[in-house]
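This report refers to the structure that appears directly beneath it.
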Amino acid sequence: MPITVVLAVGLDSMEVETHRSVWKSAGFFVIGAATVQEAIRHFQAGDFDLVLLGDSLPFDKKERLTYLIRVSGSQVPIVSIGDPTIDPDSYADATLHRDPNALLTGIRAIVAERARTRRPPAFLLGELA
C-alpha cells in the first residue's frame with residue numbers, strides 16, 4: 001500500500017500525536033505545522049499528497065495558505081475540517097467532518113480521485129504516442 005503524505009496545519013499537536021498510529025495504519029504519514037509560516041516551510045521542502053487545514057486555524061489564515069499553495073502552481077488537494085452541510089469552505093477542495101472515521105474516509109476518497117484523474121506530464125504523453 002502506498003504511503004500518503006499529509007501536511008496537517010493548525011491541528012492540535014496532541015491530537016496529531018493521539019491519532020498518528022491510526023493514520024499510520026491507514027497508510028498516512030502526517031507532518032504537523034502549527035502556523036502558516038511553518039506550513040509554507042514544510043510545503044516548500046516536501047512533496048505532499050494532501051494539505052489538511054484544522055478547524056482551529058482562523059478562516060483568513062486558511063484562505064491565505066490556500067492562496068500561497070495555489071500561486072506556487074501546486075494542485076495538491078486542500079481539505080478543511082468543518083461542517084460541510086452548514087458552511088463549506090469555498091477556498092478548499094473539500095470540507096470534511098472532524099470525526100476521525102469520516103475524515104479518513106473522505107481523505108482516502110479525495111486522494112484516490114486525484115490519483116485516478118492525474119495525467120502524466122506532457123513529455124511522457126508524447127513518448128507514448
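The values are calculated or read from the model by the stated rules, or taken from the named source; none is laboratory data. Nothing here was measured: the structure is a model prediction, and the numbers come from that model. Cβ coordinates were reconstructed from backbone atoms using ideal geometry, including for glycine residues, and neighbour counts include every protein chain displayed.
For segment 97-110, a tally of residues being buried (at least 17 other Cβ atoms within 10 Å of the Cβ), modelled with pLDDT of 90 or more and aliphatic (A, V, I, L, M) returns 2. Number of residues in segment 65-102 that are within 18 Å of E15 (Cβ to Cβ) and touching a residue at least 24 places away in the same chain (Cβ under 8 Å) equals 6. For segment 104-114, the tally of residues that are touching a residue at least 40 places away in the same chain (Cβ under 8 Å) and either of a type in the set (K, R) or over 10 Å from F28 (Cβ atoms) (or both) stands at 3. Among the residues of this structure, A34 counts as one that is in contact with a Ser or Thr (Cβ under 8 Å, 6 or more places away or on another chain) and over 21 Å from I110 (Cβ atoms).
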